[in-house]
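Below is one structure, written out as structure tokens, with a few remarks after it.
The values are calculated or read from the model by the stated rules, or taken from the named source; none is laboratory data. Quick caveat, the model's predicted, so the values are computed rather than measured. These area figures cover heavy atoms from the full protein model, side chains too; ligands, DNA and RNA do not enter into them. Shrake-Rupley method; radii C 1.70, N 1.55, O 1.52, S 1.80 Å.
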Amino acid sequence: MTDVPLDSPSSYTLSQQPKRPLSSFEQRIHAVATSPYAVLTMSVANLAALTQARKLGRGYPTVISCLGHAGIFAAAAVALQTGDTVNGSALATVWSANWLMFNARKAFTSRSVVPISMVGLVASIGSAYGYQYFVIDQ
């Protein structure tokens, strides 16, 4: 086995740079989807929703859902911070879709502003990371 420093990016990560010139729209998406701050926003929003989830607030995710998704979104932010845009954007995309699958209908039927705005936040940021993973990185 060869000794590879743990802080150096892998050849797989380095090969995942955009392979073609990006349009101005794609450059903006790329800037958002390679930054860990957008996915950290989703993590913080889930942690902030814990107060209402604990009280069984109408339209809010469950406590387990808030804690689990906050942890996964934080892990995606760590991956993006270390330069692994492929795995970071994949984590953010898949778990955003998972969050929407379990929580969107409950939020819309509650007709409450905060749960619906959480759906908008997760859908918009998750779609940016999805565009990065499925279109730009391919």
With every protein chain in place, the stretch 21-94: carbon and sulfur % of accessible area (1.4 Å): 68 percent
222 nm mean residue ellipticity, helices alone, for the chain (DSSP H n ≥ 4; -39,500 (n - 2.57); rounded to 500): -22000 deg cm²/dmol
Kyte-Doolittle mean at least 0.5, axial Cα span of 15 Å or more - DSSP H helices of the chain: 37-48, 63-81, 113-131
